[in-house]
1. Can you confirm whether TYR116 is out of contact with any helix residue (DSSP H, G or I) (no Cβ under 8 Å at 6 or more places or on another chain), surrounded by fewer than 16 Cβ atoms within 10 Å (Cβ to Cβ) and not charged (D, E, K, R)?
2. Tell me which residues, restricted to the range 61-71, are in contact (Cβ under 8 Å) with a residue 24 or more places away in the chain and surrounded by fewer than 22 Cβ atoms within 10 Å (Cβ to Cβ).
3. Report whether or not PHE303 is of a type outside the set (Val, Ile, Thr), free of Cβ contacts under 8 Å to residues at least 60 places away in the same chain and under 16 Å from VAL333 (Cα atoms).
4. Applying the selection to the range 8-24, what residues are within 17 Å of ILE174 (Cα to Cα) and either under 21 Å from the mean Cα position of the chain (by Cα) or touching a residue at least 12 places away in the same chain (Cβ under 8 Å) (or both)?
5. I'd like to verify a number: residues in the range 189-216 that are part of a helix (DSSP H, G or I) and either more than 15 Å from LYS27 (Cβ to Cβ) or out of contact with any Cys (no Cβ under 6 Å at 6 or more places or on another chain) (or both), how many?
6. Quickly run through the range 284-309 and pick out the residues that are farther than 19 Å from ILE153 by Cα and surrounded by fewer than 20 Cβ atoms within 10 Å (Cβ to Cβ).
7. Search the range 241-273 for residues being touching a helix residue (DSSP H, G or I) at 6+ places or on another chain (Cβ under 7 Å) and part of a loop (DSSP other than H, G, I, E, B), and hand back the single one that is modelled with the lowest pLDDT.
8. Looking at ILE153, ILE141, can you tell me which residue is part of a helix (DSSP H, G or I) and either over 17 Å from MET195 (Cβ atoms) or charged (D, E, K, R) (or both)?
Amino acid sequence: MIVNGHSIYLIILITFLSSFILTFLAKKIAYHIGAMDMPSARKIHQKPMPRCGGLAIFGAFLVGYIFYGVPSNQMLSILIGSFLMVFLGFIDDIKPLRARDKFLGQIIASAIVVFYGGNFFSEISLLGLHFYFPLIINKLISVFFIVAISNAINLIDGLDGLAAGISAINFTTIAIIALILNKFGGLDIILSLIMLGSTLGFLVHNFPPAKIFMGDSGSLFLGFMIAVISLLGFKMTTLTSLVVPILILAIPIFDTILAIFRRILKGESISTPDKEHFHHQLLKMKFGPRLSIIIIYCINILFSIVSIFYVIGDNKLAISLYIILMVLLLFIVLNTDILFTHKKR
């Protein structure tokens, strides 16, 4: 299958191999500079782990761009914004930054893509209802969207292979939707394929038992690219629905919302880390790490399949299936302490 004169399989293969090879280098860099994730009470791993895997994913992304990218102000804004995200995460991997400093950096990176690159929602629609706002409001919503998705992927990165696997599923889904809508050749499909190969190459090293973590340099970058590609693919008149990009990411968004509520109810800062995320709840149910991430993969794939139904026009079926899946998630929540409200002593 060909896109812009290039084989889809070759795009994925080149970026996959680049990421796979660069991960060995990223591991050495992590050991050299001391960017290690140390075991603690709230973490699952039992030994120090290198955590600069995001550098390999970003490096493979750059290789993909060199071979298949088309220079433009839009692409330049994505390159600058993604570099800032990776740099921000890399610094945090070495020595943790204050939450407000990280947040400010994320806003700047997102604003570059929106205001300089012109990547923003042209209109907002939800379940058939269309909302029209002044241009500046649309742009601010887009900045919020990028920052929110970046942090959602960052928060869910607490289990070997989880963030990378969910991201790969997302990139695959966007690529499939582009194929169905005959929109091959757009920047969204090229970036989706590049990111798919880059993520899968790293996942080989990160699938449990992981040999390296992606760190914030990887999770922030993946979340950033997922949000940007969603903006590229779903901002036009025929696809101005927030339902599709949001529900493809149902698990990370679901987990982030619950984490915010949980920390507020406990009287903690929303940036306070804990060990009560969705994947932690599965572990408490006596599922092993591999089975836990496979369960989450499967749920995410189901949401992605339903999103494809939504895009091809079978909205009634898609909405019905969305509701069933959300009920399933709520059932799981009601059988966990993911919203445990007792205050820490």
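1. For TYR116, the condition - out of contact with any helix residue (DSSP H, G or I) (no Cβ under 8 Å at 6 or more places or on another chain), surrounded by fewer than 16 Cβ atoms within 10 Å (Cβ to Cβ) and not charged (D, E, K, R) - is not met.
2. Selection gives VAL63, TYR65, PHE67, TYR68, GLY69, VAL70.
3. Against the criterion (of a type outside the set (Val, Ile, Thr), free of Cβ contacts under 8 Å to residues at least 60 places away in the same chain and under 16 Å from VAL333 (Cα atoms)), PHE303 does not qualify.
4. Those that are within 17 Å of ILE174 (Cα to Cα) and either under 21 Å from the mean Cα position of the chain (by Cα) or touching a residue at least 12 places away in the same chain (Cβ under 8 Å) (or both): ILE8, ILE11, ILE12.
5. 19
6. If the condition is that a residue be farther than 19 Å from ILE153 by Cα and surrounded by fewer than 20 Cβ atoms within 10 Å (Cβ to Cβ), then LYS284, MET285, LYS286, PHE287, GLY288, LEU291, ILE305, ILE308, PHE309 are the ones that fit.
7. Among those residues, the one meeting the criterion is SER271.
8. Exactly one residue qualifies, and that residue is ILE141.
The values are calculated or read from the model by the stated rules, or taken from the named source; none is laboratory data. Predicted, not measured: the structure shown is a model, and the values here were computed from it. All Cβ positions, glycine included, derive from the backbone under ideal geometry; neighbour counts span all protein chains shown.
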